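What follows is a set of notes on a single structure, which appears directly below.
The values are calculated or read from the model by the stated rules, or taken from the named source; none is laboratory data. As the structure is a prediction and not an experimental result, all values here were calculated from the model. Backbone-built Cβ (ideal geometry, glycine too); neighbour counts: all protein chains shown. Remember, those area values only see protein heavy atoms, side chains included, never the ligands or the DNA or RNA. Shrake-Rupley method; radii C 1.70, N 1.55, O 1.52, S 1.80 Å.
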Amino acid sequence: MFYREAGDFSTTYQADAQTFPIKYERWGYYAILAVAFGVVPFFINDYWANAVMIPFLIYAIAALGLNILTGYCGQVSLGTGGFMAVGAYAVYKLMTSFPEVNIAFHVLGAGLVTAGVGVLFGLPSLRIKGFYLAVATLAAQFFLVWLFNKVPWFYNYSASGQITAPERTVFGVVVTGPNTDAAAKYLFCLVFVFLCAWLARNLTRGSFGRKWMAIRDMDIAAEIIGVYPLAAKLSAFAVSSFFIGVSGALFFSVYLGAVEVTEAFGIQKSFLVLFMIIIGGLGSIFGSFAGAAFLVLMPVLLKNILVGQLGWPTDLATHFEFMIVGALIVTFLILEPHGLAQLWRVTKEKLRLWPFPH
Amino acid sequence: MTETSEGYTTADGRQIGGVLMEMKNITLRFGGVTAIKDISFDIREGEIRAIIGPNGAGKSSMLNVISGFYHPQEGEVWFHGSKRPAMKPYQVAQQGIARTFQNIALFEGMSVLNNVMTGRLTHMTTNMAQQAMWWGKAEREEVENREIVEKIIDFLEIQHIRKTPVSRLPYGLKKRVELARALAAEPKLLLLDEPMAGMNVEEKEDMSRFILDVNDEFGTTIALIEHDMGVVMDLSDRVVVMDYGKKIGDGTPDEVRNNQDVIDAYLGVAHD
Ligand SMILES: Nc1ncnc2c1ncn2[C@@H]1O[C@H](COP(=O)(O)OP(=O)(O)OP(=O)(O)O)[C@@H](O)[C@H]1O
Ligand SMILES: [Mg+2]
């Protein structure tokens, strides 16, 4: 009996509304934070940072964002790539227009710009639902990518049509550009992940989260208890797009450094993030992390095993990866729509009773 | 019983107040179907008002007019002494009218507690920034509203399923949770569409007791649709009888029971 809930009672409603009401989970959470902030930065190298940790952190923010919209509020979106592009181009314009301002504010600003754009593209959700809304967000995806390709103002009239992140520092440490250190980039992203997860958790446990879930579960009943559907849906679009914008901004400025929009933020990005929340768990913050970790780690792992150990050709390994992801999506959709997060919950329920399951 | 504009005293000695809601000459059509034909009636402060009638009589449609789902082609809705403009359901809810549905309309993906908490949404006003920080007002508001919700959970005796996902509950309990959600709004007017449909005798007794207690303890005005005549006679102060969209009776349970049109409608006398 390592994991238990017995004897762990909440005696106040404050305590009951905590993120981790169970002591073991709370300790686990503090331990993870301590390791993430205090240990990993000392050991991280360029390979781990670029192949695993930084993409994981950035995708976790995007997955959180999409999960708010789709998992909590029930509005399916295929526009994630496009909204990440908005974040990327917004941070680029901000970085180049106001070089004296700290990049951290640029990233947040990019999130706000994306929130605005998200609200705009969320307007159709008032009239259309489900499949049709998905198609409308798909249109947003293609429109945004087209826009950033077409209008030279967005890429500052550069000859290549690409955007390239200039060097920027935070507290004197370089976080963007070619001369960055793995630990600095990692920590910079980690702070945003922490911030976004904290905001997401606060919003989903209170009245906003309940409004979103009410709309998701039954919009007619939501309206009858006084939820204004317009405000509820648009607030979900705004919050979701804010996170996705932040992730797009980091993806460009910290991770890639230079971006060609079709390649970096195409429709496949939208699907990748959608798969993350399906595999991780719709309507779960933990699930957003689990899904991002899974889809970032799996290709790395497969490549190491199949190409590194077994000597398969790279393209074959890539196809194999597609097959695995596809099979997993189908499996999760059919067997466990609540994803890894639900598997984790079930495991906990079992653990709680272990070793006496009856 | 003598009715005045100030109200009346019921057989069991409860004091009923003035008119809370008044429907004036409501006509509602769906294409060729006229679901409600020129119906007028009122609901007084503190009373339990039943709406009865055979299947398809237009009872649910009437509740849907009150709660803003349907907008009648003709007629006026008066609430608190003033004419109500055309309103959306969420605006009606914000005016203090809560309801349950004939087919349960709970949020299946949420726990019982969260479902009942959604009933408090019209009372929760912290903005997004405060919520996002979970500081001061947001947490305080959550705790205050949780306390009210816990009282209702106790009142309806559903403490043991507080954290259970609604989708796992049996039908009778779902009906009770839906009532809890409506009560959580602390409505001035509570609309119940067949709260006892599909229940066994014991569950019906429980539900009747809850409805009487709600009316008694919170002074909530209740309008309810019910098919079980025994229940209607026991619970209600006044009854509106509908048939084919028309009002064929209105009065105390005794008056209605002895009304020839009502007897005909229930015995299925041919309509000409
Ligand atoms: N949205 C709608 N569109 C078209 N017709 C409708 C609609 N809602 C109700 N009706 C029609 O209006 C009439 C009254 O329906 P209503 O649901 O109000 O009856 P009811 O008295 O509640 O019956 P029951 O006891 O079966 O619940 C029926 O003929 C029904 O078919
Ligand atoms: Mg009905």
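From the backbone phi of the stretch A:244-260, what are the Karplus-calculated ³J(HN,Hα) couplings (6.51 cos²θ - 1.76 cosθ + 1.60, θ = phi - 60°) in whole Hz, Gly and Pro given as x?
5, x, 4, 5, x, 5, 5, 4, 6, 6, 8, 7, 7, x, 9, 9, 10
With everything on Cα atoms, drop me the angle between helix B:171-184 and the longest principal axis of chain B, reported from 0 to 90° to the nearest 10.
On a 0 to 90 degree scale, this one is about 80.
Return the calculated 222 nm mean residue ellipticity for chain A, to the nearest 500 deg cm²/dmol, obtained by summing -39500 (n - 2.57) across DSSP H runs with n ≥ 4 and dividing by the residue count.
Working: 16 runs with 228 residues, N = 358.
-20500 deg cm²/dmol, from helical runs alone.
Charges on Cβ only, +1 for Lys and Arg, -1 for Asp and Glu, centred on the Cα centroid of the protein assembly as shown; of B:T164, B:A182, B:G245, which one is farthest towards the dipole's positive end?
B:T164
Taking chain A as a Gaussian network, Cα atoms linked when under 10 Å apart, which of A:I324, A:I277, A:I224 shows the biggest mean-square fluctuation?
In the Gaussian network model the winner is A:I224.
Quote the FRET efficiency, to the nearest 0.05, computed for B:K83 versus B:N55 with a Förster distance R0 of 45 Å and r equal to the Cβ-Cβ distance. Don't skip to the end; give the middle numbers.
Details: r = 32 Å, r/R0 = 0.71.
E(calc), rounded to 0.05, equals 0.90.
Once R0 is set to 35 Å, what does the formula 1/(1 + (r/R0)^6) return for the Cβ-Cβ distance between A:N179 and A:I324, expressed as a FRET efficiency to the nearest 0.05? Don't skip to the answer; put the middle values down first.
Working: r = 37 Å, r/R0 = 1.06.
Approximately 0.40, to the nearest 0.05.
Placing unit charges on C-beta atoms (Lys and Arg positive, Asp and Glu negative, everything else neutral), compute the dipole magnitude of the protein assembly as shown about its Cα centre in debye, rounded to 20.
Details: 51 positive and 58 negative charges, 431 e Å.
It comes to approximately 2080 debye.
Angle, helix B:137-155 long axis vs. longest principal axis of chain B, Cα atoms, 0 to 90°, nearest 10?
That works out to roughly 50 degrees.
Taking a 1.4 Å probe, which of B:M128, A:M95, B:M199 shows the most accessible area, and what order do the others take after it?
Largest to smallest exposure gives the sequence B:M128, B:M199, A:M95.
In whole Å, what are the extents of the protein assembly as shown along the principal axes defined by its C-alpha atoms, from largest to smallest?
91, 61, 47
What FRET efficiency comes out for the pair A:V300/B:K137, r = Cβ-Cβ distance, R0 = 41 Å, nearest 0.05? Could the numbers behind the result be given before it?
Details: r = 45 Å, r/R0 = 1.09.
Efficiency computed from Cβ-Cβ geometry: 0.35.
Measure up B:K83/B:K175; B:K83/B:K137; A:K23/B:K163; B:K59/B:K175 against 26 Å on the Cα-Cα distance and list the ones that go over. Please report the intermediate quantities before stating the final value.
Working: B:K83/B:K175 32 Å; B:K83/B:K137 36 Å; A:K23/B:K163 18 Å; B:K59/B:K175 19 Å.
Those over the limit are B:K83/B:K175; B:K83/B:K137.
Have a look at A:A292, A:A34, A:A232 and tell me which one the Gaussian network model of chain A (Cα, springs below 10 Å) gives the largest fluctuation.
A:A34
Treating cross-link reach as a plain straight distance, find the aspartates and glutamates whose alpha-carbon is under 17 Å from the alpha-carbon of A:K269, omitting any fewer than eight places away in the same chain.
Reachable aspartates and glutamates: A:E260, A:E321.
Which order do B:L191, A:L335, A:L33 take when ranked by solvent-accessible area (1.4 Å probe, heavy atoms of all protein chains), largest first?
Largest accessible area first, the list is A:L335, A:L33, B:L191.
Testing the spin-label approximation: label points 7 Å from Cα along Cα→Cβ at A:R345 and B:D264. State their distance in nm.
The modelled label-to-label distance comes out at 5.7 nm.
Could you give me the ³J(HN,Hα) list for the stretch B:45-57, computed from phi with Karplus coefficients 6.51, -1.76, 1.60 and θ = phi - 60°, whole Hz, x at Gly and Pro?
Ordered by residue, 3J(HN,Hα) equals 4, x, 9, 9, 10, 9, 10, 10, x, x, 4, x, 6 Hz.
Counting only protein heavy atoms and rolling a 1.4 Å probe, how much accessible area do A and B lose on contact, total for both sides, in Å² to 100? Walk me through the numbers on the way to the answer.
On the way: alone 17960 and 13350 Å², together 28250 Å².
It comes to approximately 3100 Å² buried between A and B.
Could you give the angle, 0 to 90 degrees to the nearest 10, between helix B:201-213's Cα long axis and the longest principal axis of the Cα atoms of chain B?
For B:201-213 against chain B, the angle is about 80 degrees.
Given the peptides A:69-79, B:169-179, B:31-41, arrange them by the average over their residues of other C-beta atoms within 10 Å, most packed first.
On the way: A:69-79: 26.9, B:169-179: 19.4, B:31-41: 15.7.
Packing order, densest peptide first, comes out as A:69-79, B:169-179, B:31-41.
Tally Lys and Arg at +1 and Asp and Glu at -1 over the other residues with C-beta under 15 Å from the C-beta of A:V145: what net charge comes out?
Working: positive: A:K150, A:K269; negative: A:E260, A:E263.
Spelling it out: positives minus negatives among the neighbours equals 0.
Give the accessible surface of the stretch A:108-221 per residue, rounded to a whole number of Å², with probe radius 1.4 Å and ligands, DNA and RNA excluded. Show your work: numbers first, answer last.
Working: 5330 Å² over 114 residues.
Accessible surface, normalised per residue, equals 47 Å².
Give me, ordered by chain and number, the residues 5 or more places off B:G7 or on other chains with an amide H under 5 Å from its own placed amide H.
none
Heavy atoms only, probe 1.4 Å: what % of the accessible area of the protein assembly as shown goes to carbon and sulfur, would you let me know?
Details: 17220 of 28250 Å².
Here carbon and sulfur together make up 61 percent of the probe-accessible area.
Among the aspartates and glutamates, which fall within straight-line cross-link reach of A:K129, defined as a Cα-Cα distance under 12 Å, with same-chain neighbours fewer than 8 residues apart omitted?
Once the sequence-local aspartates and glutamates are set aside, what remains near A:K129 is A:D219.
Please give me the summed charge of the neighbours of B:F41: other residues whose Cβ is under 11 Å from its Cβ, Lys and Arg +1, Asp and Glu -1.
Numbers: positive: B:K24, B:R44, B:R49, B:R238, B:K247; negative: B:E22, B:D42, B:D250.
Residues near B:F41 contribute +2 overall.
Running a GNM on chain A with Cα contacts under 10 Å, which residue among A:A139, A:A197, A:A249 ends up with the highest mean-square fluctuation?
A:A139
Under a 5 Å amide H to amide H cut-off, with H placed in plane at 1.01 Å, what residues pair with B:E74 once short-range neighbours are removed?
B:T27
List the residues, sorted by chain then number, that are 5 or more residues from B:A50 or on another chain and whose placed amide H is less than 5 Å from its amide H.
B:L224, B:D237, B:R238, B:V239, B:V240
Just to confirm, what accessible area per residue do you get for the stretch B:110-181 at 1.4 Å probe, in whole Å²?
Numbers: 2930 Å² over 72 residues.
Computed with neighbouring chains in place, this is 41 Å² per residue.
Can you work out ³J(HN,Hα) from phi for every residue in the stretch A:187-198, in order, using Karplus 6.51 cos²θ - 1.76 cosθ + 1.60 and θ = phi - 60°, giving whole Hz and x for Gly and Pro?
Residue by residue, the stretch A:187-198 yields 5, 4, 5, 4, 4, 5, 4, 4, 4, 5, 5, 5 Hz.
What does the charge add up to near B:S236, with Lys and Arg as +1, Asp and Glu as -1, over the other residues with Cβ less than 10 Å from its Cβ? Each step should come with its number before you reach the end.
Details: positive: B:R49, B:R238; negative: B:E47, B:E226, B:D234, B:D237.
Surrounding charge for B:S236 is -2.
Take the alpha-carbon centre of the stretch B:46-62, take the same for the stretch A:286-357, and report the distance between them in whole Å.
54 Å
Label points 7 Å out from Cα along the Cβ direction at A:A231 and B:Q15: separation in nm?
The modelled label-to-label distance comes out at 3.7 nm.
Hey, quick one: spin label on A:T169, modelled 7 Å out along Cα-Cβ, who in the stretch A:64-98 has an amide N within reach, i.e. under 20 Å?
Zone members listed by number: A:95-98.
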